[in-house]
1. Can you give the calculated 222 nm mean residue ellipticity of the chain, where each DSSP H run of n ≥ 4 adds -39,500 (n - 2.57) and the sum is split over every residue, rounded to the nearest 500 deg cm²/dmol?
2. Rg(Cα) of the range 15-61 divided by 2.2 N^0.38 Å?
3. Check each of the GluC sites (Glu not before Pro) in the range 57-93 and keep only those in coil by DSSP with at most 16 other C-beta atoms within 10 angstrom; list them in order.
4. In Å², what does the accessible area per residue of the range 1-41 work out to with a 1.4 Å probe?
5. Are there chymotrypsin sites (Phe, Trp or Tyr not before Pro) in the range 9-60 that DSSP puts in a loop and that have at most 13 other Cβ atoms within 10 Å, and which ones?
6. Which value in Å does the Kirkwood hydrodynamic radius of the range 40-93 take, with 1/r averaged over all unlike C-alpha pairs and then inverted?
7. So what are the three principal axis dimensions of the chain from its Cα atoms, in whole Å, longest to shortest?
8. Expressed as an acute angle from 0 to 90° and rounded to the nearest 10, what is the orientation of the C-alpha long axis of helix 79-92 relative to the principal long axis of the chain?
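The values are calculated or read from the model by the stated rules, or taken from the named source; none is laboratory data. Just so you know, these numbers come straight off a predicted model, no measurement behind them. Neighbour counts run over all protein chains shown; Cβ positions are idealised from the backbone, glycine included. In case anyone asks, the SASA skips ligands and DNA or RNA and just uses the protein heavy atoms, side chains included. Shrake-Rupley method; radii C 1.70, N 1.55, O 1.52, S 1.80 Å.
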Amino acid sequence: MQEEGRHYAYFCNRECEMFPCHPGIPEEDYNCLFCYCPLYALGEKCGGNFAYTPGGIKDCSSCQFPHRRESYDAIIRRYPEILELVRRKTDEA
């Protein structure tokens, strides 16, 4: 159930050809808002359930964290880390 006044924190696209891309989450709680997880950029510090492919690519197909309705606040709290990463990369360039 969506909290009153927080409609921005949840979006479900049942029309997506990939829906559900991460099985195991009840459809009524499946959040597509972070379809492309902003925590991906944090690499091993993202906190999600990921693995690396033999070719060294981060594989998040087993991670449900960004697609759970209740994860919104936890992801938003991590934005300062993402901004710091961007700032450091910008300073290096």
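1. -6500 deg cm²/dmol
2. Working it through for the range 15-61, the quotient is 1.28.
3. Here no loop site has a sparse enough neighbourhood.
4. Numbers: 3010 Å² over 41 residues.
Here the per-residue accessible area is 73 Å².
5. Details: sites: 10, 11, 30, 34, 36, 40, 50, 52; in loops: 10, 11, 34, 36, 50.
Here the sparse-neighbourhood loop sites are 11, 36.
6. Values: mean 1/r = 0.0798 Å⁻¹.
One over the average 1/r among Cα pairs gives 12.5 Å for the range 40-93.
7. So the three principal-axis extents are 43, 36, 20 Å.
8. Computed tilt is about 30 degrees.
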